[in-house]
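All remarks here apply to the structure that follows.
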Amino acid sequence: MSFNKKTIEDIQVKGKRVLVRCDFNVPMKDGKITDENRLNGALPTIKYLMEKGAKVILCSHLGKAKGPDPSLTLAPVAMRLSELLNKEVVFAADDTVVGDNARKAVSVAKDGDVILLENTRFRKEEGKNEDSFSQDLASIADVYVNDAFGSAHRAHCSTVGVTKFVDTAVCGYLIQKELKFLGEAVQNPTRPFCAILGGAKVVDKIAVIENLLDKVDTLIIGGGMAYTFFKAQGYEIGKSLLDEERLDYAKEMMEKAKTKGVKLLLPVDNRIAPEYADVEAKITEDQNVPEGYMGLDIGPKSEKLFAYAVREAKTVIWNGPMGVAEFKNFAAGTVAVAKAMADSGATTIIGGGDSAAAVNNLGFGDKMTHISTGGGASLEFLEGKELPGIAALNNK
């Protein structure tokens with residue numbers, strides 16, 4: 001996949017109708033937005049286009065709508081954006097997304113005006129990438145901008161289909177930043193390059209492990225995934241998470257690492273409990289988990305081992321917590337990795353999802369070089385897959 005995509009700075013936008021795909025899939029409670037990170041992330045692109053005299057038309061999905069659903073309207077987003085931009089964002093309340101309200105708002109818009117369309121998933125065609133909706137979106141736009149990295153792995157009308165019907169399709173600042181950091185890290189990292197993978201299931205990270213073993217100098221595996229690797233080595237794992245079908249795969253990956261000269265680090269001790277609950281942790285002497293117990297976090301010796309590997313690296317990518325980080329008794333491993341990355345002089349990249357939430361909640365967010373805005377998208381990126389929403393944009 002080419003990462004050398006045209007950006008909003010490569011094109012003229014004055015007087016043009018610019019359709020911007022944003023990620024406004026924000027958490028809501030009682031019609032109020034409870035986390036504004038994604039709105040704030042979209043502001044630089046929106047402000048740039050306003051200042052350059054574009055007629056800015058924003059679109060996004062919200063939630064898992066399968067057609068018009070009043071509880072998933074983007075109206076609260078329009079209200080909050082108006083406050084953040086200090087300018088009215090006209091909300092086009094059409095269940096068809098591109099209806100009479102949208103067309104009228106676009107036709108009377110002046111340079112620098114901002115319009116927000118209704119939830120793109122109110123149209124059933126969106127998820128199927130059907131031409132009818134893609135053409136509707138393109139009919140109110142001269143230029144298309146994708147700034148929703150979190151949706152770039154989906155081939156939907158608003159991320160891919162619309163690009164077939166406009167001549168100019170470029171990325172905004174958010175996607176530009178993702179391509180710079182994730183793209184450079186995976187394609188051309190400053191070495192030593194260390195990747196840290198956590199999370200519960202091996203199956204979720206199979207392709208990531210395979211792809212990264214061809215690229216990294218050190219691969220750290222923690223979280224629930226580690227117990228399948230322990231079992232494959234003959235250790236006792238008690239009641240810990242186990243993916244029986246992936247035992248041979250775990251052995252193959254350890255062999256592959258050895259053959260390629262990649263340092264594959266697994267935990268050397270564990271924090272354990274008799275049940276999946278936030279109870280006081282016991283710490284094992286080594287990798288073995290006794291019968292009747294389950295591993296819920298890496299232990300203190302593992303924390304030191306992993307922190308040392310992070311300190312030695314020049315580029316570090318992290319995806320997935322080291323334990324059940326939402327339990328305070330089993331968050332220490334995740335905290336230790338976050339702290340090691342925050343204290344390191346390396347380029348540090350957090351691959352979205354749970355790791356991003358953990359790093360932000362722990363207060364280390366501003367110490368990282370880059371926190372990806374897309375969980376699923378950054379995972380597919382690390383798998384080496386082509387992201388349809390990026391591939392569809394114009395190359396430089």
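Only the coordinates and a few stated rules stand behind these numbers; no lab work does. Since this is a predicted model, take the numbers as computed values, not measurements. Ideal geometry is used to build each Cβ from the backbone, glycine not excepted, and the neighbour counts take in all protein chains shown.
Quick notes
- Stokes-Einstein diffusion coefficient of region 56-178, Kirkwood radius over Cα pairs, 37 °C, 0.692 mPa s, in µm²/s: 225
- Percentage relative contact order, the chain, counting C-alpha pairs under 8 Å, at least six apart: 16
- Antiparallel content of DSSP bridges confined to region 202-353, in %, to 5: 45
- Charges were assigned to the Cβ only: +1 to each Lys and Arg, -1 to each Asp and Glu. The resulting dipole of region 8-174 about its Cα centre is roughly 80 debye.
- Whichever aspartates and glutamates have a C-alpha closer than 18 Å to that of Lys239, once near sequence neighbours (fewer than 8 apart) are set aside: Asp269, Glu275, Asp278, Glu280, Glu285, Asp286, Glu291, Asp297
- Diffusion constant of region 181-382 at 37 °C, which comes from Stokes-Einstein with the Kirkwood Cα-pair radius and 0.692 mPa s, µm²/s: 199
- Per residue, the average separation of C-alpha pairs within less than 8 Å and at least 6 apart gives region 8-174 a relative contact order of 29 percent.
- Label assignment, Cα Rg over 2.2 N^0.38 Å derived from the structure, set (i) 1.14; (ii) 0.98; (iii) 1.07: (iii)
- Ellipticity estimate at 222 nm from DSSP helix runs (n ≥ 4, -39,500 (n - 2.57)) divided over the chain, nearest 500: -10000 deg cm²/dmol
- Point-to-point label distance, Glu236-Ile283, nm (Cα→Cβ direction, 7 Å offset): 2.1
- Links that overshoot a 18 Å alpha carbon limit, given the list Lys301/Lys367; Lys215/Lys260; Lys52/Lys177: Lys301/Lys367; Lys52/Lys177
- Environment charge of Glu236, counting only residues whose C-beta is closer than 14 Å and scoring Lys/Arg +1, Asp/Glu -1: -2
- When the alpha carbon gyration tensor of region 316-383 is reduced to an equivalent ellipsoid, the three semi-axes, largest first, read 18, 15, 10 Å.
- Of the GluC sites (Glu not before Pro) in region 243-302, the ones in a loop by DSSP (not H, G, I, E or B) with at most 12 other beta carbons within 10 Å are Glu275, Glu280, Glu285, Glu291.
- Separation between Cα centres of region 272-294 and region 38-107, rounded to whole Å: 49
- Distance between region 212-263 and region 374-389 - C-alpha centres, whole angstrom: 22
- Nearby lysines by direct alpha-carbon distance to Lys32 (threshold 21 angstrom, same-chain neighbours under 8 apart not counted): Lys64, Lys87
- Nearby lysines by direct alpha-carbon distance to Lys104 (threshold 17 angstrom, same-chain neighbours under 8 apart not counted): Lys16, Lys55
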